[in-house]
């Protein structure tokens, strides 16, 4: 930040390493990773498969304790799941509760929280409408298509009113057209709610299309191979953005980085 | 498990022509009633054509006798229906309830913590290898010949089915669901009651179904020894006095009781686990 009035970063990853196991069989998933994310930024994280993207996201979510280093959310070093953070999981069919209706799934994060019934109802309705599922409140997850289920998972995250949203390859298992719709939905939601989003994906085009910044991880143990600023015109558009020479240059650059395993050529 | 798959198959088979609800109910009732009616009919015919057959009374006589035994007079209702039949139902239900709660509690602990599972599992495997009926003499020595002993004995024998299924069910709840609970800062108690137990419920219910059958079996066996009331006691009495018609009537009473219990559990399961059956039949 060159600004004199420094904004406190939404997230700081302070030299985080993660090692699974110990001794000879130890697997170094992440090695000395450091970056920070400003409030309102949309950051994509890509890397070769098995690069520890999910390990990183689980560490940021406070579900895994880093072996070394610290994760700092809103200025506080986290020792568990931080407040104000929500997550959308890759496997929507396993992240929704099949015994609850859509509205109860969306309201689930509010369980045990200080929210009145009327407030809860309003939040659920608003969240469902934000993802275009206003009419599906009484259905069950397994009655909906995969793309719709992932929209329910997004609505559930919205109902939690997070300032930081982590998304772990959320659109990996939906078809291409559904995926485009969901990508634009996420961008719209970011604009409406002004939250910070970290988006893990293995899809290079998607990472560039969505983000303000793309973080490319190397092969494990994952380091930061490159931190790439994406200065594409807003709002993004599925056709014109993808035709933009800058988009094509960026996607090529990211692809080369990934194919070389995150090592400079 | 077999139940859900047969249902799914039935659903698939009947898909081309979806009949109205009452017709389907009629068809499923016919599938249930016709074979039974056929067996009773043949039995009735054979015993009518071929008298006397003292060991195999006529089925209609058995039914009539059962009605007489239970509801023939106000005294019968008082002494036999309340005094014997409901005694058995009562100790069975109480034993089942205690065993189910105990099984769910220990099974949940085992499903949650690997350490607990690995410590308790050998004990469970050893104890449940002893046929539950074989432990009756021990329970009599420890607790005497009263009703408490019978209830504890039933609870003990029943608990294994629930315990093992709960442990497996809780252990098989997908990790992502547990992460969902943690990420949204749901308290551990709520995670247990709102994620783990509902997720394990299909397995728990499968255990409860087996346990209910076992509860009736153990109740009757427990009444064979040192009892002064109950259907098991009446059965042994009838046999000792060579009252074969009464013996058959009590067997019929137990068959009806078993059917009622099973349909009751099926009904509860349908209400509680509709999501499970329907989500599976779609997958």
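Residues checked against (1) assigned to a helix (DSSP H, G or I); (2) in contact with a strand residue (DSSP E or B) (Cβ under 6 Å, 6 or more places away or on another chain); (3) on the phi > 0 side of the Ramachandran plot:
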{"residue": "A:179", "(1), (2), (3)": "yes, no, no"}
{"residue": "A:199", "(1), (2), (3)": "no, yes, no"}
{"residue": "A:205", "(1), (2), (3)": "yes, no, no"}
{"residue": "A:216", "(1), (2), (3)": "no, yes, no"}
{"residue": "A:232", "(1), (2), (3)": "no, no, no"}
{"residue": "A:247", "(1), (2), (3)": "yes, no, no"}
{"residue": "A:257", "(1), (2), (3)": "yes, yes, no"}
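Of these, B:170, B:183, which one is within 30 Å of residue A:92 (Cβ to Cβ), touching a strand residue (DSSP E or B) at 6+ places or on another chain (Cβ under 8 Å) and surrounded by 15 or more Cβ atoms within 10 Å (Cβ to Cβ)? Please lay out each step first, then the result.
On the way: B:170 fails: touching a strand residue (DSSP E or B) at 6+ places or on another chain (Cβ under 8 Å).
So the residue among B:170, B:183 that is within 30 Å of residue A:92 (Cβ to Cβ), touching a strand residue (DSSP E or B) at 6+ places or on another chain (Cβ under 8 Å) and surrounded by 15 or more Cβ atoms within 10 Å (Cβ to Cβ) is B:183.
Any idea which residue in the range A:47-64 is nearest to residue A:12 (Cα to Cα), counting only those that are assigned to a loop (DSSP other than H, G, I, E, B) and away from chain B (no Cβ under 13 Å)?
Going residue by residue through the range A:47-64, those that are assigned to a loop (DSSP other than H, G, I, E, B) are A:47-52, A:61-64.
Filter again for away from chain B (no Cβ under 13 Å), leaving A:47-52.
Working: A:47: 19, A:48: 23, A:49: 24, A:50: 23, A:51: 20, A:52: 18 Å.
Selected residue: A:52.
Might you check whether a residue that is over 28 Å from residue B:230 (Cβ atoms), in contact with a helix residue (DSSP H, G or I) (Cβ under 9 Å, 6 or more places away or on another chain) and either at pLDDT below 90 or surrounded by 11 or more Cβ atoms within 10 Å (Cβ to Cβ) (or both) occurs anywhere in the range B:49-65?
Among the residues of the range B:49-65, at least one is over 28 Å from residue B:230 (Cβ atoms), in contact with a helix residue (DSSP H, G or I) (Cβ under 9 Å, 6 or more places away or on another chain) and either at pLDDT below 90 or surrounded by 11 or more Cβ atoms within 10 Å (Cβ to Cβ) (or both), which makes the answer yes.
Kindly list the number of the only condition in (1) modelled with pLDDT under 95; (2) buried (at least 18 other Cβ atoms within 10 Å of the Cβ); (3) touching a helix residue (DSSP H, G or I) at 6+ places or on another chain (Cβ under 8 Å) that fails for residue A:94.
(2)
For the range A:80-156, list the helices (runs of 4 or more DSSP H) that sit wholly inside it and hold at least 1 residues that are within 12 Å of chain B (Cβ to nearest Cβ) and in contact (Cβ under 8 Å) with a residue 60 or more places away in the chain; which are they? Spell out the reasoning first.
Values: elements: A:92-95, A:102-107, A:117-130.
Filter on the range A:80-156 gives A:92-95.
Please find, within the range A:160-176, the residue that is farthest from the other protein chains (Cβ to nearest Cβ) out of those that are under 28 Å from residue A:115 (Cα atoms) and out of contact with any helix residue (DSSP H, G or I) (no Cβ under 8 Å at 6 or more places or on another chain).
This residue is A:163.
Considering only the range B:155-175, I want to know if a residue exists there that is within 14 Å of chain A (Cβ to nearest Cβ) and in a helix (DSSP H, G or I).
Taking the range B:155-175 first, the residues within 14 Å of chain A (Cβ to nearest Cβ) are B:169, B:172-175.
Filter once more, so that each one left must be in a helix (DSSP H, G or I): B:169, B:175.
Checked the range B:155-175: at least one residue is within 14 Å of chain A (Cβ to nearest Cβ) and in a helix (DSSP H, G or I).
If you take just the helices (runs of 4 or more DSSP H) that sit entirely in the range B:69-145, which of them hold at least 3 residues that are out of contact with any strand residue (DSSP E or B) (no Cβ under 8 Å at 6 or more places or on another chain) and under 21 Å from residue B:226 (Cβ atoms)?
Values: elements: B:86-112, B:114-129, B:136-143.
Because the criterion is at least 3 residues that are out of contact with any strand residue (DSSP E or B) (no Cβ under 8 Å at 6 or more places or on another chain) and under 21 Å from residue B:226 (Cβ atoms), the helices (runs of 4 or more DSSP H) in the range B:69-145 that meet it are B:86-112, B:136-143.
The values are calculated or read from the model by the stated rules, or taken from the named source; none is laboratory data. Just so it is clear, the structure is predicted and the values come from calculations on it, not from any experiment. In this analysis, Cβ positions are derived from the backbone assuming ideal geometry, glycine residues included, and neighbour counts consider all displayed protein chains.
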